[in-house]
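In what follows, a single structure is set out as structure tokens and then discussed.
The values are calculated or read from the model by the stated rules, or taken from the named source; none is laboratory data. Keep in mind that what you see is a predicted model, and the values were worked out from it rather than measured. Backbone-built Cβ (ideal geometry, glycine too); neighbour counts: all protein chains shown. The area values use the complete protein model at the heavy-atom level, side chains included, leaving out ligands, DNA and RNA. Shrake-Rupley method; radii C 1.70, N 1.55, O 1.52, S 1.80 Å.
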Amino acid sequence: AQSETASAGDIQAAQRAFQRQLDAWQADALTLAVQAREVFTVPSGTSTVTIGPTGDIVAVRPVYLDAINYIIPGSSPAVEVVIGPMDRDQYAALTIKELQSQLPIASFYQTSIDTILGSLFLWPQVTQDVEIVVYYPKGVGVPTTLDDVLIGPPGYAEAYHYQLAERLLALFAVSDPGVIASVRQHSLESFARMKRPNLQPGLMGVDAALVPSIGGAYNVLADSYTGSSPK
């Protein structure tokens, strides 16, 4: 109650609930407010690097990566070149996974259920030291103690409060219908408000066949050419 002091057991249970809450947020793209950028060097002869608190790239293990580039060796200013991502099927279809080359052209990233590290596979295996740039969405870290300070964009503090309060209703067997309804309503509203600024609408694309060019283009909808006529 309001005038009571929580027991050590209750505090520990609530802390674990909050840790699980923020861990779950790491898997939701709309709760990740920061686009992190990490630059590291892949040594010659390397094809796989790890990402995580104790990995080759020291960071919170991302669920997925937004983009991976390499920096052209010797370029000044640094020039980044996109490394194409592979999905599971494409990675499995590689017949020579230890193929070697000076620069990578493709990558495959996956997390693990056996370790806190993620693995980034680069293909082909590099035969020189290459700087790699990794872009990934980053969320608020999971607190390990009650003294940890969490910092987030506007709207996060209220979401911390009411999302945790909703979890504690079940944990401490609160049965008052009015309290439950009020907390859940605030939880939904604050969570939606927190996630709204993180939504980035995709850019509208136009089929190249519909865009006129200097050499002429074929309009598949009108069955006609624009610009110069085909030979």
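Can you tell me which residue in region 175-190 is farthest from Gln15 (Cα to Cα), limited to those that are open to solvent by 50 Å² or more (accessible area, probe 1.4 Å) and of a type in the set (A, V, I, L, M, F, W, C)? Ranking the qualifying residues of region 175-190, first place goes to Ala181. When Pro143 is evaluated against the numbered criteria (1) within 15 Å of the chain's Cα centre (by Cα); (2) closer than 30 Å to Ala157 by Cα, which criterion, by number, is the only one it fails? It fails just one condition, (1).
Residue-level analysis places Ala14 outside the set of residues that are under 17 Å from the mean Cα position of the chain (by Cα) and touching a residue at least 12 places away in the same chain (Cβ under 8 Å). For Val174, indicate whether it is touching a strand residue (DSSP E or B) at 6+ places or on another chain (Cβ under 8 Å), modelled with pLDDT of 75 or more and more than 19 Å from Val34 (Cβ to Cβ). Taking the combined requirement at face value, the residue does not satisfy it.
So, of the residues in region 118-139 that are in contact with a Ser or Thr (Cβ under 8 Å, 6 or more places away or on another chain) and under 30 Å from Phe191 (Cβ atoms), which turns out to be modelled with the lowest pLDDT? Step through it out loud before you land on a result.
From region 118-139, those in contact with a Ser or Thr (Cβ under 8 Å, 6 or more places away or on another chain) are 118-132, 139; that's our starting set.
Narrowing the set further to residues that are under 30 Å from Phe191 (Cβ atoms) leaves 118, 139.
Values: Gly118: 92, Gly139: 81.
For region 118-139, the residue satisfying everything is Gly139.
The listed residues are Val140, Val126, and the only one of them that is open to solvent by less than 20 Å² (accessible area, probe 1.4 Å) and in contact with a Gly (Cβ under 8 Å, 6 or more places away or on another chain) turns out to be Val126.
Restricted to strands (runs of 3 or more DSSP E) entirely inside region 20-117, those with at least 3 residues that are open to solvent by 60 Å² or more (accessible area, probe 1.4 Å) and either over 25 Å from Ile151 (Cα atoms) or at pLDDT below 95 (or both) are 34-42. Candidates are the residues of region 157-174 that are free of Cβ contacts under 8 Å to residues at least 12 places away in the same chain and open to solvent by 70 Å² or more (accessible area, probe 1.4 Å); the one that is nearest to Arg16 (Cα to Cα) is Ala170. Pairs are defined by a Cβ separation below 8 Å, a sequence spacing of at least 6 or placement on different chains, a first member in region 84-110 that is under 20 Å from Gln128 (Cβ atoms), and a second member that is outside any strand (DSSP E or B) and small (Gly, Ala, Ser); the pairs so defined are Lys97/Ser47; Glu98/Ser47.
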